[in-house]
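The next block holds one structure in the form of structure tokens; read it before the comments.
The values are calculated or read from the model by the stated rules, or taken from the named source; none is laboratory data. Model, not experiment: these values are computed from the prediction. Note that each Cβ is placed from the backbone with ideal geometry, even for glycine, and that neighbours are counted across all protein chains shown. Heads up: the accessible areas ignore ligands, DNA and RNA and are worked out on the full protein's heavy atoms, side chains in. Shrake-Rupley method; radii C 1.70, N 1.55, O 1.52, S 1.80 Å.
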Amino acid sequence: MNKKALITGITGQDGSYLAEYLLDLGYEVHGLVRRVALEDPQRRFTRISHLLEKITLHPASLESYPSIFHIFSQHNFDECYHLAAQSFVAESFADGFSTMNTNINGTHYILAAIRELRPECRFYFAGTSEMFGKVKEIPQRETTPFHPRSPYGISKVAGFDLTRNYREAYNMFCCSGLLFNHEGPRRGFEFVTRKITSTVARIKFGLASELRLGNLEAKRDWGHAADYVRAMHAMLQQPEPEDFVVATGETHSVREFCELAFAQVDLNYRDYVVIDGKHYRPAEVDMLVGDSTKAREILNWQPQYTFDELVKEMVENDLELTALQPRKLAASEI
Ligand code: GDD
């Protein structure tokens, strides 16, 4: 019989790639979505519009235990991938309270519902390299101590601890992926990579003249989301639940990302990037680079995209999207 999986956050970048991957493997795929999303499918389901015929969506809220309990009472899921979260670090500084509520309580509600109704359902928690924050060693691995630098990072450490506690206390198959930054053409526009590639495309088409950014020296280990969802699935197929770092092992600065993205369209980033203090964070994570030896050895996982290929794909995608947008007519054309 086909395995049945529930994905929270199915409308997001990772959720959409994971849904595609699981469908290809023959899974019956279900997604938890906000009711407002169901009421506005054109805007909210852009990443999964091509999958809507093949998946089942359930309205629920991460703020409501009864709504989550109800879904688990109706379906015998074999696997649950908990990806939904307020995942934008800058927003977590603006509203730490709602980030904490959604990310911590939402995770706890799902774990509690699984324990109550379907304890054999395997659970994946979307942990993050943000938990390493002010890093204690380079590169970061599964044993590196956490030092989160934002309400978002703190909420994810709490989710990680909850996940481990359900594993230890109730003998449930619960594990966390410690995923380093992962991007791609479906990335939200608020994250720096997509902000850069979408603005590069707008500049190239004459629709923008500058790109306002904060800290250009921050370094990240950037991979491709399509590669990373394979690791999530592999974690839930192991004989024992364990936590894994998923990373490329390479680190690049925001400045380098800019340089490469602008060079892709034969422009020099120095002519367009403007530093704007409002994009600096009260506490920054300066440098992330992961050691994914454990995932490579035990999960047999490795990334397929290089950094250059990632940037290239994102820029090309944004050039295509921008070309489709109505543009302002140049004076000579009027
Ligand atoms: N978003 C953004 N916008 N970031 C900027 C900007 C800007 O204008 N200018 C500089 N940056 C810097 C940020 O200060 C940060 O150091 C870096 O670019 C990356 O920022 P984001 O793309 O917003 O990602 P993030 O690293 O904070 O968090 C992402 O990765 C985590 C994994 O480490 C998110 O996807 C998290 O949800 C995820 O857990």
Check your understanding: Looking at region 241-276, which of its residues are assigned to a helix (DSSP H, G or I), within 13 Å of the ligand (Cβ to nearest atom) and open to solvent by 60 Å² or more (accessible area, probe 1.4 Å)?
Key -> R255, E256
Check your understanding: Looking at (1) out of contact with any Lys or Arg (no Cβ under 8 Å at 6 or more places or on another chain); (2) touching a residue at least 24 places away in the same chain (Cβ under 8 Å), which is the one condition that is false for F146?
Key -> (2)
Review point. For I48, which of the numbered conditions (1) closer than 21 Å to E190 by Cβ; (2) within 16 Å of the ligand (Cβ to nearest atom) fails to hold?
Key: (2)
Review point. Quick one: what pairs do we get from region 77-93, first residue among the small types (G, A, S), second within 14 Å of the ligand (Cβ to nearest atom) and open to solvent by less than 50 Å² (accessible area, probe 1.4 Å), C-beta under 6 Å, 6+ apart or different chains?
Key: A84/G9; A85/N103; S92/T99; S92/S150; S92/P151; S92/Y152
Exercise for review: Just name the residue that is surrounded by the most Cβ atoms within 10 Å (Cβ to Cβ) out of those in region 34-53 that are free of Cβ contacts under 8 Å to residues at least 12 places away in the same chain, part of a helix (DSSP H, G or I) and of a type outside the set (G, A, S).
Suggested key: P41
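Within region 54-66, restricting attention to residues that are open to solvent by 30 Å² or more (accessible area, probe 1.4 Å) and touching a strand residue (DSSP E or B) at 6+ places or on another chain (Cβ under 8 Å), which residue is farthest from Q238 (Cα to Cα)? I'd like the intermediate steps shown before the answer.
Filtering region 54-66 for residues open to solvent by 30 Å² or more (accessible area, probe 1.4 Å) gives 54, 56-57, 59, 61, 63-66.
Checking which are touching a strand residue (DSSP E or B) at 6+ places or on another chain (Cβ under 8 Å) leaves us with 54, 56-57, 59.
On the way: K54: 27, T56: 26, L57: 27, P59: 30 Å.
Filtering first and then ranking leaves P59.
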Point to revise | Residues of region 170-210 satisfying the condition of being within 24 Å of the chain's Cα centre (by Cα), of a type in the set (G, A, S) and over 22 Å from V245 (Cα atoms) | key: G188, S198, A201
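Let's see how each residue does on (1) among the hydroxyl-bearing types (S, T, Y); (2) over 30 Å from R167 (Cβ atoms); (3) at pLDDT below 95:
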site	(1), (2), (3)
S209	yes, yes, no
R212	no, yes, no
W222	no, no, no
V229	no, no, no
T251	yes, yes, no
E259	no, yes, no
A263	no, yes, no
V289	no, no, no
Practice item. Find the residue count for region 277-304, including only residues that are more than 20 Å from the chain's Cα centre (by Cα), within 15 Å of the ligand (Cβ to nearest atom) and open to solvent by 80 Å² or more (accessible area, probe 1.4 Å). Key: 3
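Where in region 122-240 are the helices (runs of 4 or more DSSP H), entirely inside, with at least 2 residues that are crowded, with 23+ Cβ neighbours inside 10 Å, among the acidic types (D, E) and away from the ligand (no atom under 14 Å from the Cβ)? Write out each step before concluding.
Details: elements: 151-170, 192-204, 225-235.
In region 122-240, there are no helices (runs of 4 or more DSSP H) which contain 2 or more residues that are crowded, with 23+ Cβ neighbours inside 10 Å, among the acidic types (D, E) and away from the ligand (no atom under 14 Å from the Cβ).
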